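This report refers to the structure that appears directly beneath it.
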Amino acid sequence: MVELQSAADARAAAQSRIRWELLAELVRKDLKVKYKNSALGFVWSLANPLLYLAVFTLVFTKILNNGIPAFPVLFMSGFLVWNFFNLATLSGTGSVVGNANLVRKVRFPRVVLPLSSVGFAGVHFVLQLGVLLALLLVFYRDAFGTQLVLLVPALAVAVVLSTAMALLASALNVRFRDVEHLLEVILLAWFWLTPIVYPATLVRDQVVARGTAWMFDLYMANPMAGVVTALQRALYNHPVAGGRDVLPAGGYGFYLTWLGVAGAVALALLAAGLWIFRRLQADFAEEL
Amino acid sequence: MGEPAISASGVGKRFLVHHKRATSLKERLLLHRRSEAEEFWALRDVDLQIAGGQTVGLIGPNGSGKSTLLKVLSGILAPSAGQVTVRGRIASLLELGAGFNGELTGRENVYLNAAILGLSRRETDRYFDDIVAFAELEPFIDNQVKHYSSGQYVRLGFAVAVHVSPDILLIDEVLAVGDESFQQKCLAKIDEFQQLGCTILFVTHSLDLVPRVCSRGVVLDHGRVLHDGDPVEAAERLRSLLGTAHDQSGGAAMAADRPRLADLRLFDPTTRSHKGHYRANELMAIDVEVAGPDGAAPVQVRLAVTGPADVPMWVMESDPLPLGPGGTATVCFTVKELPPLRGIFALAVAVRDPATKVTYDARRFGEAFVADGDPAQGVLEVAWTAEQVDR
């Protein structure tokens, strides 16, 4: 009898615990729904960054003539992780509202909804990164070296930060439906304030010239700036080009320091996100 | 059985009815004062201990909090007060096929739905064929669910919910949807679950179902538990409650200067107690009380017994009734031998002017009484024969 009851308890727990299988099933659902009726299917998710690459390369190397060698590599090393963060946040925002019929009718841990959005974005990112690494193997062998180890802490911070944003946005969007629109604007500003299409040294050199070097610290405190510069250091192997710095530092100390700051910010946001999500989720079924 | 499968103690659920609530950040910033909200307690002090293996019928008037209670017990809504503990896997049939995604195939939806209900992929593999067979959807299982008929959709939803081997089954009026054969299948499945020792809590408006299926009946009214125990008594209790509840609300709303229906009672003349369940040839007595302003002219009471789809079975009319000194009059309609009816019947009452037939007050009492027998065999029990003949 005791065994029977503990088995029942285990089944009860399975309905309120976050299970990998449930997450995987939800991610699979999102992917299937997104690519079901498109002939090219997943190829689209690769076409999108390539299109951006073509446009930004044209604008920044031909029209603005920024003189950065191997600009496509610099751009892609930051852009893909930004895309992951952006997609996770935006699809996370609508994750609870979009599954209203489930939330109102079925008992399951609500937190898997924003988490599955992060997983959804993660699947795209892994594929895109795979293609990028394959291309680098052919066109840019310089990328492969010990510096690739930086990918590990950088991606870990990116995942924590994206999860935090998805949790926060999904819960707040239930209560205030315009969070979604607000976020689109915020993310656009955030994108341009992160050194993706221009090198971080451009910002550093200008504020140093004005004698306000502290502003560069402020700029780097943006957690995505820490993530992106670390990824650039990992994949882009032209720290100095044409007599000027493209990347802020040749060693790893700079990147690890700012990754540490980004990690701390991400963890604080994650704690806030979990707290807010837990507080608001009791009312989800009523608010929807 | 050790600890109960479902235990609710002091459970209350408060809803806030907002008049002007900011639903966007923009409004939140523009609306400076906090929004006013009215409190509404959908559930109050609900104590319910349900032992494993019990089948409990939850009944009550509309808006009494039945569905809210199911949602609180199943963990969809958080209680505002009190505590709920549940042991075991809950399958709630609140809405069949909730969470199906139209873009996915039936097969994909089964796996997704089962995962949400707490099953692993391997467990789902094991149940998959049974689910498809039960839903009778073998040829369509790889079609997109958006192309399913509503019947197929509901069948698949039910099949998934009952095949996840739940410990606790919460059912909310799903028996009201679907065709007759589907309902039979549902009832058979509920029977099977009872044999397996599954705990079942279901909400229904079909009062004759409660004594038939349940070992216990709970009556909710205005969010409180009014009765908890014998299912037959529970159904009776609700019937009398529905009668008087009508009386109170209708009485308050009626204009005081016109004769109105004050009370209606179905009763057993020997014991004078309420009687809602009848067999053929039994005596049926119905008291109708009318109240009016002082000096009102005599009134006539018209009583129609109606069956399914509000078809009148027969109609009874009183003589003109002069109102007594208190402004009231009571008429007793008696049916000496009730015809061999089967099913649930309603009473439609009208108080009117005997000469002009202008209606002062009219009310319908749904589910006023139950007559024995299976309504699927027709509302009337008729002696008949069928013999092969040569002509």
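What is the helix-to-structure angle for A:200-209, meaning the angle in degrees between its Cα long axis and the longest Cα principal axis of chain A, kept from 0 to 90 and rounded to the nearest 10? Once rounded, one gets 60 degrees. Treating the angle as unsigned and between 0 and 90°, give the value, to the nearest 10°, between the Cα long axis of helix B:231-253 and the longest Cα principal axis of chain B. That helix lies at roughly 60 degrees to the long axis. At what distance in nm do the modelled label points of residue A:9 and residue B:27 sit from each other, each positioned 7 Å from its Cα along Cα→Cβ? Placing both labels 7 Å beyond Cα along the Cβ direction yields 4.5 nm.
Under the simplified labelling scheme, the residue A:286-residue B:332 pair shows an inter-label distance of 5.1 nm, with each label point 7 Å from Cα along Cα→Cβ.
Per-residue packing, averaged as other Cβ atoms within 10 Å, sorts the ranges A:105-117, B:313-325, B:61-73 into the order A:105-117, B:61-73, B:313-325, beginning with the highest.
Its residue count N fixes a reference of 2.2 N^0.38 Å for chain B, and the Cα radius of gyration divided by that reference is 1.20. Across segment B:345-358, rounded Karplus estimates of 3J(HN,Hα) from the backbone phi angles (6.51 cos²θ - 1.76 cosθ + 1.60, θ = phi - 60°) give 10, 10, 10, 10, 10, 10, 10, 8, 6, x, 8, 8, 6, 6 Hz, Gly and Pro being marked x. Of the trypsin sites (Lys or Arg not before Pro) in segment A:1-97, not one is in a loop by DSSP (not H, G, I, E or B) with at most 11 other beta carbons within 10 Å. Directionally averaged projected area (segment B:6-233, Cα convex hull): 14.6 nm².
The mean of 1/r over all distinct Cα pairs in segment A:83-204, once inverted, gives the Kirkwood hydrodynamic radius of 16.3 Å. Per residue, the convex hull around the alpha carbon atoms of the protein assembly as shown comes to 259 Å³.
Of interest is the spacing of the C-alpha centroids, which for segment A:34-53 and segment B:343-391 amounts to 65 Å. Only the Cβ atoms of Lys and Arg (+1) and of Asp and Glu (-1) were treated as charged; on that basis the dipole of chain B about its Cα centre amounts to roughly 1400 debye. Compared with the dominant Cα axis of chain B, that is its longest principal axis, helix B:150-163 is turned about 70°.
Model label points for residue B:15 and residue B:184, set 7 angstrom from Cα along the Cα-to-Cβ axis, are 3.8 nm apart. Dimensions of chain A along the principal axes, based on C-alpha atoms and rounded to the nearest Å, stand at 76, 46, 40, largest first.
The calculated Kirkwood hydrodynamic radius for segment A:15-90 is 15.1 Å, given to one decimal from all distinct C-alpha pairs. With R₀ set to 35 Å, the beta-carbon distance separating residue B:195 from residue A:24 gives a calculated FRET efficiency near 0.50. From helices alone, chain B scores -8000 deg cm²/dmol at 222 nm; the rule is -39500 (n - 2.57) for each run of n ≥ 4 DSSP H residues, then divide by the residue total.
Kirkwood analysis of segment B:108-245, using all unique Cα-Cα pairs, places the hydrodynamic radius at 16.8 Å. Distant-in-sequence amide contacts of residue B:77, defined by a placed amide H-H separation under 5 Å and a gap of 5 or more residues or a different chain, comprise B:72.
With a 10 Å cut-off around each Cβ of A:12-19, the average count of Cβ atoms from other chains is 5. Find the relative contact order for segment A:123-233 and round it to a whole percent, using C-alpha pairs within less than 8 Å whose residues are 6+ positions apart. It comes to 35 percent, rounded to a whole number.
Highest GNM mean-square fluctuation among A:270, A:46, A:74, for chain A modelled with Cα contacts below 10 Å: A:46. Roughly speaking, what is the centre-to-centre gap between segment A:157-193 and segment B:139-166 when only Cα atoms are used, to the nearest Å? Segment A:157-193 and segment B:139-166 have Cα centres spaced 36 Å from each other.
When chain A is treated as a GNM with alpha-carbon contacts under 10 Å, the residue of A:76, A:215, A:224 showing the greatest mean-square fluctuation is A:215. A straight Cα-to-Cα reach below 18 Å connects residue A:105 with the lysines B:13, B:66, B:71, residues fewer than 8 places away in its own chain not being considered.
Only the coordinates and a few stated rules stand behind these numbers; no lab work does. Here the structure is a predicted model, which is why all the values come from computation and not from measurement. A quick note on method: Cβ atoms are made from the backbone with ideal geometry, for glycine too, and the neighbour counts reach across all protein chains shown.
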